[in-house]
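The values are calculated or read from the model by the stated rules, or taken from the named source; none is laboratory data. Quick caveat, the model's predicted, so the values are computed rather than measured. Ideal geometry is used to build each Cβ from the backbone, glycine not excepted, and the neighbour counts take in all protein chains shown. To get the accessible areas, we keep the full protein, side chains included, count just its heavy atoms, and leave off ligands, DNA and RNA. Shrake-Rupley method; radii C 1.70, N 1.55, O 1.52, S 1.80 Å.
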Amino acid sequence: MTTISDILKDIEIPKVMKIKQEFNDKKVDHIEKELYKQFLEKNIKSNIKKGRKIAITAGSRGISKYKEIMKVTVDFVKECGGEPFLVPSMGSHGGATGMGQVKVLNDLGITEEYIGAKILSSMDVIEIGKTEKNLPVYIDKNAYYSDGIILLNRIKMHTSFRGKYESGLIKMLAIGLAKRKGADMTHRLRYENMAENIISVGKVCIDKLNIIGAVATIENGYNQVSDIFVLNKYEILEKEPKILEKSKHIMAKIYLDEIDVLIVKEIGKDISGTGMDTNIVGRFHTNAASGGPQIIKLGLLDISEKSDGNANGMGLADFISKKLYNKIGFQYTYLNAITSTEPNSVKVPMVLNSDKEVFQACIKLCGKLDISEIKMVIIENTKNLNEVFMSEAAFKSISNKNKVKITSNLINIEFDKDGNCML
């Protein structure tokens, strides 16, 4: 009987060259000093009384300078006489368990030893009110019983919906700090209603909770902190949309509108909520978001170690390697999808024996007969786009050559004896 390997074995793979992409590189050079200065300018100290317990939100993303920003925030609260503690604020991530969410933070370098504060992790929540649509609003128990809350998060485009507020402080309130139960409730009306829903929940939280301040960052195309903002409670609703718009203009991208074959070497929850940033790959698991390049065939090779087996996002691909499949933690992955209401994101694509077969299957089905015409791009992940690999046809299709530079000759993609990509 003819096997898949038999069908694919003679498919030729285009040569590629290393390409350096250039993005906005504005960054904050002395992040700790700048953050401390803004804490003073915003008079956050006046909200922290001696001996008061202050909860600081801690999400699950690999935010630039995360440890440093968190430590400055903790140290500032201590300096003001408060007693800071961290609250994992990540919905159902980490397997929706208290210990699992602590592990997520530890994997990101957020440990009690480094930060100098306790991590109080529980999935228990308190209902604090209802939205105008009569949806209950939940908040982490430890945060609720604290004497004040400092929100801390990065602001950026969301991978699943478009709105005035996307990934940021309002979403941290509506989903992250609401733990699994609240995240499930906020997602219940699906992503088509998410933009409206998180505002409704967020407004209840701002009205009911003692939020004493917020720290927000945006990142440039090199995953560096481009700007940092300290906001007072009643500035959040007004200023977050402006910060979001600023972040959109400086994010990284692949400088192509059409790609025949896109190979992503790794996906992971530490990279993006959907494993890979849908805005980069131009594929979405909801009808509430769109944009990015048109991709004919998409192949995935692996899961990042920090994702802990969560393969959310694999459903957007056409092919995955058996190596990736063998690392999938279906409990974590499916729990994530059920909470977010989008099983399309975790559907298992065609599983092939090796990285090489993923390449060959994408090439075979991309609709181009002449190998020299195939626009193929290979990226490490959607967070690191400074250096990518492109076929010659892909490079020639870039309209703005001022943003890219060839840094190697055309080379063959090498694979080891098991078919693993050696690029």
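If I build a Gaussian network model for the chain, linking alpha-carbon pairs within less than 10 angstrom, which residue out of Leu177, Leu169, Leu120 has the largest mean-square fluctuation?
Leu120
Per Stokes-Einstein, at 20 °C and 1.002 mPa s, what whole-number D in µm² s⁻¹ belongs to the stretch 174-332, with the Kirkwood radius over Cα pairs as the hydrodynamic radius?
D, rounded to a whole number, is 120 µm²/s.
If you take the square roots of the eigenvalues of the alpha-carbon gyration tensor of the stretch 77-129 and sort them as a ≥ b ≥ c, do you get rounded (a/c under 1.5), prolate (a/b over b/c) or oblate?
oblate
Give me log10 I(q)/I(0) at q = 0.09 Å⁻¹ for the chain, Debye formula, one equal scatterer per alpha-carbon, no solvent.
After summing over all Cα pairs, the log10 values are -0.56.
Antiparallel versus total DSSP beta bridges in the stretch 107-244: what percent is that, nearest 5?
65
In the P(r) worked out for the stretch 276-423, what percent of Cα pairs fall beyond 23 Å?
40
Show the residues, 5+ positions off or on another chain, whose built amide H is closer than 5 Å to the amide H of Ile267.
Here Asp302, Ile303, Ser304 satisfy the definition.
What is the mean projected area of the alpha carbon convex hull for the stretch 1-116, to one decimal in square nanometres?
That works out to 13.6 nm².
Under a point-charge model restricted to the Cβ atoms of Lys and Arg (+1) and Asp and Glu (-1), what is the dipole moment magnitude of the stretch 302-423 relative to its Cα centre, in debye to the nearest 20?
Value, rounded to 20: 280 debye.
Of Leu365, Leu262, Leu151, which has the largest mean-square fluctuation in a 10 Å C-alpha GNM of the chain?
Sorting by GNM fluctuation, first place goes to Leu365.
So what J values fall out for the stretch 290-305 if you push phi through Karplus, 6.51 cos²θ - 1.76 cosθ + 1.60 with θ = phi - 60°, rounded to Hz, Gly and Pro as x?
7, x, x, x, 8, 10, 7, 9, 10, x, 10, 10, 7, 10, 5, 4
I'd like the distance between the alpha-carbon centres of the stretch 1-20 and the stretch 327-376, rounded to an integer number of Å.
15
Which whole-number percent gives the relative contact order of the stretch 371-423, counting Cα pairs below 8 Å spaced six or more residues apart?
Once normalised by length, the contact order is 25 percent.
Projected onto the charge dipole of the chain (+1 at Lys/Arg Cβ, -1 at Asp/Glu Cβ, origin at the Cα centre), which of Asn409, Thr2, Thr278 gives the Cα projection farthest towards the positive end?
Selected residue: Thr278.
With a point put 7 Å past each Cα toward its Cβ, work out how far Ile371 is from Lys396 in nm, to one decimal.
Roughly 1.6 nm, to one decimal.
List the trypsin sites (Lys or Arg not before Pro) within the stretch 109-139 that DSSP assigns to loop and that have no more than 13 neighbouring Cβ atoms inside 10 Å.
Counting only loop positions with at most 13 other Cβ atoms within 10 Å, the trypsin sites (Lys or Arg not before Pro) in the stretch 109-139 are Lys133.
In the chain, what percentage of the DSSP-assigned beta bridges are antiparallel, given to the nearest 5?
45
Read phi for every residue in the stretch 197-210 and hand back ³J(HN,Hα) as whole Hz from Karplus 6.51 cos²θ - 1.76 cosθ + 1.60, θ = phi - 60°, with x for Gly and Pro.
Each residue of the stretch 197-210 in turn: 5, 5, 5, 4, 5, x, 5, 4, 4, 5, 6, 9, 9, 8 Hz.
Taking square-rooted eigenvalues a ≥ b ≥ c of the alpha carbon gyration tensor, is the stretch 347-423 rounded, prolate or oblate, where a/c under 1.5 means rounded and, failing that, a/b exceeding b/c means prolate?
prolate
Choose one answer from Glu373, Glu342, Glu219: the residue with the largest mean-square fluctuation in a GNM of the chain with alpha-carbon springs under 10 Å.
So, out of Glu373, Glu342, Glu219, the one fluctuating most is Glu373.
Have a look at Val74, Gly116, Val104 and report the one farthest towards the positive end of the charge dipole of the stretch 67-157, computed about the Cα centre with Cβ charges (Lys/Arg +1, Asp/Glu -1).
Val104
List the relative contact order of the chain as a percent without decimals, with contacts defined as Cα pairs under 8 Å and 6+ residues apart.
Reported as a whole number, the value is 21 percent.
Positive end of the charge dipole of the stretch 1-90 (Lys, Arg +1 and Asp, Glu -1 on Cβ, about the Cα centre): tell me which of Leu35, Ile48, Pro84 has its Cα farthest that way.
Going by the charge dipole, the pick is Ile48.
Once you charge only the Cβ atoms, +1 for Lys and Arg and -1 for Asp and Glu, what is the size of the charge dipole of the stretch 1-108 about its Cα centre, to the nearest 20 debye?
In total the dipole reaches around 620 debye.
Are there any GluC sites (Glu not before Pro) in the stretch 72-164 that are in a DSSP loop and have at most 16 other Cβ atoms within 10 Å? List them by number.
Listed in order of number, the matching sites are Glu132.
Provide Glu166, Glu414 ordered by accessible surface of protein heavy atoms (probe 1.4 Å), highest first.
Largest accessible area first, the residues go Glu414, Glu166.
Quote the relative contact order of the stretch 127-219 in percent (integer), defining contacts as alpha-carbon pairs under 8 Å separated by 6+ residues.
Answer for the stretch 127-219 is 39 percent.
Please turn the phi angles of the stretch 367-373 into ³J(HN,Hα) values with the Karplus equation 6.51 cos²θ - 1.76 cosθ + 1.60 (θ = phi - 60°), one per residue in order, whole Hz, x for glycine and proline.
Couplings: x, 10, 8, 8, 4, 6, 9 Hz.
For the ranges 375-381, 323-329, 267-273, what's the packing order if you count other beta-carbon atoms within 10 Å of each residue, average per peptide, and put the highest first?
Ranking the peptides 375-381, 323-329, 267-273 by packing returns 267-273, 375-381, 323-329.
So, with +1 on the Cβ of K and R and -1 on the Cβ of D and E, and no other charges, what is the size of the charge dipole of the chain about its Cα centre, to the nearest 20 debye?
980
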